[in-house]
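All remarks here apply to the structure that follows.
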Amino acid sequence: MVRAGEGGRLFEDFGAGYIAIGWSKLGDLNSIGGRDQLAQAYAQAFSEQKPSKQALAVGTLYKFRDVMQRGDVVVTYDPSSRQYLVGKISGDYVYSPETVGDYPNIRPTKWLGKISRDYLRQSTKNSLGSVMTMFAVKSATIREMLDLVEGKQTQGNPDIEPLDEQEVTSKDDIVNQSRELIKDRLNALDPEEMEHLVAAVFRAMGYRARVSPKGPDRGVDVIASPDGLGLQEPRIKAEVKHRSGSMGSQSIRSFIGALRPGDRGVYVSTGGFSREARYEAERANIPISLVDIDELASLVVDFYGDFDLDGKALIPLVGIYWPADL
């Protein structure tokens, strides 16, 4: 597994035929010798980091440059669309600062296909929860993902493999895994329930919110304002699209066209947004916020303590305590 930047922001760049990692301050890794020399160069470039963090980063860089081989299976993930790309490394390490965003260390990759997280077994989902930049995926998980790419139904239960002795579950891993499980529950809601969940989020944020009546042309799906009537600003109008597939620029333009001065727009798409859609929102004259399923899960977690009973009934959650010194 190679993460496509924070929150999968480079997922589309990876999709052009690459996996990549950062640490641009080191320059071309080919100009640095073996692992010991790599560790020395890293310690000099990132002297402010703790030794444990330095060792983890050096291990990642060394594996990416020297250990990974052509033909190795690789996976990357887009949290906003909940899609995994599965492929195989097709080339050696290359230093190319202009190819994949601000990640200059790349490996050419031939992608075999995409898999929706919804089609993975729960045990497989759990095994993919680490937040590390790069980590080994268990062979049973790889077999299941390759079968899905090839259109095969997996048979039986995946092999239960022992944890590596050096595999450590961190707080960040637990938080990331819980966030993905919450997104699984959000994705299981039907479109009408999703509209009511968005209204519950607005109410938890201190607004009075209501879901628009059903009809052939009901405009926006959720309306929120301080007074509940839309007479006091901010007057927030939300469109909620709960479906697979990202929303394009035309949908955003149509939504913007229905807004009036004094409105604030929120467009929720559990299938994510295209780059062109995000550009349309950024250049709009009326403030627009685009909320994908990753951001929606964050809002649910942040404001869940203030959810009303109707909101909590839609997505029941419990809190977990973690030792402060770990």
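The values are calculated or read from the model by the stated rules, or taken from the named source; none is laboratory data. Since we're looking at a predicted model, the values are computed, not measured. Every residue, glycine as well, gets a Cβ built from its backbone with ideal geometry; the counts of neighbours run over all protein chains shown.
Selection of region 107-142 for residues being among the hydroxyl-bearing types (Ser, Thr, Tyr) and at pLDDT 85 or above yields THR109, SER116, TYR119, THR124, THR133, SER139, THR141.
Does at least one position in region 104-111 carry a residue that is in the same structural domain as ASP78 (by TED's automatic domain parsing) and more than 18 Å from TYR18 (Cα to Cα)? Scanning region 104-111, I find no residue that is in the same structural domain as ASP78 (by TED's automatic domain parsing) and more than 18 Å from TYR18 (Cα to Cα), so the answer is no.
ASP263 satisfies every condition listed in (1) touching a Lys or Arg at 6+ places or on another chain (Cβ under 6 Å); (2) among the acidic types (Asp, Glu); (3) under 23 Å from ASP190 (Cβ atoms) except (3).
Could you grab me the full set of residues in region 313-326 that are without any contact (Cβ under 8 Å) to a residue 60 or more places away in the chain and of a type outside the set (A, V, I, L, M)? Explain how you work it out, then say what you get.
Initial filter on region 313-326 (without any contact (Cβ under 8 Å) to a residue 60 or more places away in the chain): 313, 316, 318-319, 321, 323-325.
Within region 313-326, PRO316, GLY319, TYR321, PRO323, ASP325 meet the criteria.
Does PRO261 meet the test of being in contact (Cβ under 8 Å) with a residue 24 or more places away in the chain, assigned by TED's automatic domain parsing to the domain that holds PHE303 and surrounded by fewer than 18 Cβ atoms within 10 Å (Cβ to Cβ)? Full working, then the answer.
Working: in contact (Cβ under 8 Å) with a residue 24 or more places away in the chain: yes; assigned by TED's automatic domain parsing to the domain that holds PHE303: yes; surrounded by fewer than 18 Cβ atoms within 10 Å (Cβ to Cβ): yes.
Here the answer is yes, as PRO261 does meet what is asked.
Give SER289, SER244 a once-over and let me know the one that is assigned to a strand (DSSP E or B), in contact (Cβ under 8 Å) with a residue 12 or more places away in the chain and in contact with a strand residue (DSSP E or B) (Cβ under 9 Å, 6 or more places away or on another chain). Outline the logic, then answer.
On the way: SER244 fails: assigned to a strand (DSSP E or B).
Among SER289, SER244, only SER289 is assigned to a strand (DSSP E or B), in contact (Cβ under 8 Å) with a residue 12 or more places away in the chain and in contact with a strand residue (DSSP E or B) (Cβ under 9 Å, 6 or more places away or on another chain).
Would you confirm whether any residue within region 152-166 is modelled with pLDDT under 80 and touching a strand residue (DSSP E or B) at 6+ places or on another chain (Cβ under 9 Å)? Scanning region 152-166 turns up no residue that is modelled with pLDDT under 80 and touching a strand residue (DSSP E or B) at 6+ places or on another chain (Cβ under 9 Å). Can you tell me which residue in region 128-144 is surrounded by the fewest Cβ atoms within 10 Å (Cβ to Cβ), limited to those that are within 18 Å of GLY7 (Cα to Cα) and of a type in the set (Gly, Ala, Ser)? Taking the candidates together, the pick is GLY129.
Tell me yes or no: at least one residue of region 102-120 is touching an Asp or Glu at 6+ places or on another chain (Cβ under 7 Å) and more than 19 Å from VAL73 (Cα to Cα). No, every residue in region 102-120 fails to be touching an Asp or Glu at 6+ places or on another chain (Cβ under 7 Å) and more than 19 Å from VAL73 (Cα to Cα).
Kindly establish whether ASP302 is outside any loop (DSSP other than H, G, I, E, B), under 28 Å from ASP172 (Cα atoms) and touching a Pro at 6+ places or on another chain (Cβ under 6 Å). In short, no.
Scan region 26-48 and report the pairs whose first residue is hydroxyl-bearing (Ser, Thr, Tyr) and whose second residue is in a helix (DSSP H, G or I) and buried (at least 16 other Cβ atoms within 10 Å of the Cβ), with Cβ atoms within less than 8 Å and a gap of 6+ or a chain change. Sorted first by the residue in region 26-48, then by its partner, the pairs are TYR42/LEU26; TYR42/GLN54; TYR42/ALA57; TYR42/VAL58; TYR42/LEU61.
The listed residues are ILE182, ILE174, and the only one of them that is modelled with pLDDT of 90 or more, closer than 30 Å to VAL300 by Cβ, part of a helix (DSSP H, G or I) and not assigned by TED's automatic domain parsing to the domain that holds GLN69 turns out to be ILE182.
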